[in-house]
């Protein structure tokens, strides 16, 4: 089974791309979705409070991810601690996902991992696809994130530049294209992959 990793930068269109693949009937794994679920787990919440303190809570007692983001940007040691908490769990779930997909006799399975290169997970995949867009489009999309746009801009500065990721990719897809166009492109490509 071919394992394909999908990555890119902040707001470059990874989620949309993943949804297109899903609609074509391929199994997909989303690191973002896993992390979203992990934030709700009491054990994880306790660990986060230990790392970041009570001030990351909302008035309803839930975790405010933007407050965590703000703290990370002020202190990069906290970023390392957060990654040490989340990365092993996400990696374990990712490997289980591939195992299940293989057991179910899929020929290709996809996983979206935003920090694939940053985490050094290249060896898990047979191919890595980078979803990209122009700097202008990326800026426009980040601005659409509202009040926290500044934090997202700062965070994108801390990641490996998109051009670097493109150089390391097996394939590059532009999210500037319409979803229907991308779907058509993928349909043709994946048909070839299934033949091979």
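The values are calculated or read from the model by the stated rules, or taken from the named source; none is laboratory data. The model shown is predicted, which means the values in this text are computed figures rather than measured ones. Positions of Cβ are backbone-derived with ideal geometry, glycine not excepted, and every protein chain shown enters the neighbour counts.
Hey, any hits in the range 101-114 for a residue that's in contact with a helix residue (DSSP H, G or I) (Cβ under 9 Å, 6 or more places away or on another chain), closer than 29 Å to residue 150 by Cβ, buried (at least 16 other Cβ atoms within 10 Å of the Cβ) and without any contact (Cβ under 8 Å) to a residue 60 or more places away in the chain?
no
Any idea how many residues of the range 41-80 are modelled with pLDDT under 90, more than 21 Å from the chain's Cα centre (by Cα) and part of a helix (DSSP H, G or I)?
Matching residues across the range 41-80 total 1.
Consider residue 186 against the criteria (1) loosely packed, with under 14 Cβ neighbours inside 10 Å; (2) modelled with pLDDT of 95 or more; (3) assigned to a helix (DSSP H, G or I): it satisfies all of them except one. Which criterion is unmet?
(1)
Among 159, 154, which is the only one that is out of contact with any strand residue (DSSP E or B) (no Cβ under 6 Å at 6 or more places or on another chain) and either at pLDDT 90 or above or farther than 30 Å from residue 96 by Cβ (or both)?
From the options 159, 154, the qualifying one is 154.
Output yes when any residue across the range 39-55 is under 27 Å from residue 13 (Cβ atoms) and exposed (fewer than 11 other Cβ atoms within 10 Å of the Cβ), and no when none is.
yes
Could you list all residues from the range 16-33 that are out of contact with any strand residue (DSSP E or B) (no Cβ under 8 Å at 6 or more places or on another chain) and under 21 Å from residue 119 (Cβ atoms)?
Residue satisfying the conditions is 33 alone.
For residue 99, indicate whether it is assigned to a helix (DSSP H, G or I), farther than 28 Å from residue 167 by Cβ, at pLDDT below 95 and more than 19 Å from the chain's Cα centre (by Cα).
No; evaluated as a whole, the condition is false for this residue.
Please determine, by comparing only the residues of the range 12-40 that are out of contact with any helix residue (DSSP H, G or I) (no Cβ under 9 Å at 6 or more places or on another chain) and outside any helix (DSSP H, G or I), which one is nearest to residue 111 (Cα to Cα).
Out of the qualifying residues, it is 25.
On the given criteria, is residue 153 in a helix (DSSP H, G or I), under 20 Å from residue 33 (Cα atoms) and touching a helix residue (DSSP H, G or I) at 6+ places or on another chain (Cβ under 9 Å)?
Taking the combined requirement at face value, the residue does not satisfy it.
Of the numbered conditions (1) part of a helix (DSSP H, G or I); (2) out of contact with any strand residue (DSSP E or B) (no Cβ under 8 Å at 6 or more places or on another chain); (3) free of Cβ contacts under 8 Å to residues at least 24 places away in the same chain, residue 85 fails exactly one; give the number of that condition.
Against the list (1) part of a helix (DSSP H, G or I); (2) out of contact with any strand residue (DSSP E or B) (no Cβ under 8 Å at 6 or more places or on another chain); (3) free of Cβ contacts under 8 Å to residues at least 24 places away in the same chain, residue 85 comes up short only on (3).
Please enumerate the residues belonging to the range 123-136 that are without any contact (Cβ under 8 Å) to a residue 60 or more places away in the chain and assigned to a helix (DSSP H, G or I).
123, 135, 136
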